[in-house]
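The structure under discussion appears below in the form of structure tokens.
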Amino acid sequence: MMITALTIAGFDPSGGAGLQQDLKVFRSFGVYGLSVVAALTAQNSAGVADVAPVAGKFVARQLDVLLADMRPLSVKTGMLYSVENVNAVARTIRRYSLANVVADPVILSSTGRSLCMKNVPAAVRKNLLPLCTVVTPNIHEAEVLSGIGIRTEEDMEKAAVRISEFGAEAVIITGGHLAGSANDLVYDGHAHWLEGRRAAGEYHGTGCTFSAALAASLARGKGVHEAAVIAKAFMRRAFRKSFETGKGMRLFNV
Ligand code: PLP
């Protein structure tokens with residue numbers, strides 16, 4: 001049987017992030033990728049220049065037509081951009097009883113461009129987190145979702161507990177942006193630390209690549225903790241195989 005996973009994410013012409021990158025990651029795990037576009041961007045390796053939303057009704061329509069026919073074994077959400085899209089995705093997860101849901105709560109690009117409207121984090125907390133198997137914020141996203149400032153690994157644990165209270169079964173806070181270390185926290189009622197070191201340089205699509213690898217492993221039947229270990233190892237290889245093509249950040253050739 002072909003293993004399928006669905007990404008609901010933004011379109012990135014550079015191919016380094018968003019649904020293009022998700023599809024490549026799925027492929028490298030031997031998982032067939034389905035994709036629903038939730039936002040359009042104009043960007044290159046130097047950053048996001050512009051964003052055009054996709055209407056909530058059309059996100060819902062893409063999902064309905066696809067899911068009436070196919071059933072993905074995991075679902076990854078990325079850049080949803082608007083509250084109506086968050087709500088359309090949440091309704092769809094409930095309607096089709098979708099399992100293995102990974103939410104990457106995309107808020108800001110690494111070059112500082114806002115990738116969501118301002119009330120999206122609140123909608124994610126209220127409507128999407130209760131349906132998630134795992135949510136994968138970076139430090140900044142974890143601060144926004146939890147309302148807790150993060151300076152230390154203890155702060156990461158406090159934020160993870162707070163985010164889990166919104167209903168996600170597990171929370172993975174990626175620590176790559178914490179000064180001094182790049183350990184990731186997997187919180188599933190207990191805190192597990194995955195040790196890592198920050199790769200030198202600037203990279204595009206780190207969060208997308210990690211959460212897509214996680215979704216691919218969940219589709220293949222792994223549990224969250226094992227999937228996180230696999231995704232972290234996948235990232236180490238991705239950093240090693242990264243390349244420069246434009247004037248800006250390095251891209252992952254997965
Ligand atoms: N574009 C899209 C469609 C994304 O989903 C993301 C991040 O999730 C980005 C751009 C930003 O990527 P980065 O911050 O890694 O450059």
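The values are calculated or read from the model by the stated rules, or taken from the named source; none is laboratory data. Please read these numbers as outputs of a predicted model, since none were measured by experiment. So basically every Cβ, Gly included, is an ideal-geometry build from the backbone, and we count neighbours across all protein chains shown.
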Might you check whether a residue that is crowded, with 24+ Cβ neighbours inside 10 Å, under 20 Å from P130 (Cβ atoms) and of a type in the set (V, I, T) occurs anywhere in the range 71-84? yes
Might you check whether a residue that is modelled with pLDDT of 95 or more, small (G, A, S) and closer than 27 Å to E84 by Cβ occurs anywhere in the range 148-158? no
Quick one: would you say T133 is hydroxyl-bearing (S, T, Y), away from the ligand (no atom under 16 Å from the Cβ), closer than 23 Å to T206 by Cα and in contact with a strand residue (DSSP E or B) (Cβ under 7 Å, 6 or more places away or on another chain)? yes
Out of E169, E153, E141, report the one residue that is over 16 Å from the mean Cα position of the chain (by Cα) and closer than 24 Å to F234 by Cβ. E153
For the range 224-235, does any single residue satisfy the condition of being of a type in the set (A, V, I, L, M), farther than 23 Å from L73 by Cα and in contact (Cβ under 8 Å) with a residue 12 or more places away in the chain? no
Give me the pairs, please: first residue somewhere in the range 100-122 and away from the ligand (no atom under 13 Å from the Cβ), second residue anywhere and in a strand (DSSP E or B), beta-carbon distance under 7 Å, and either six or more positions apart or on two chains. N100/S74; N100/V75; V101/V75
Helices (runs of 4 or more DSSP H) contained entirely in the range 141-254, each with at least 2 residues that are within 16 Å of the ligand (Cβ to nearest atom), of a type in the set (V, I, T) and closer than 17 Å to D22 by Cα: 206-219
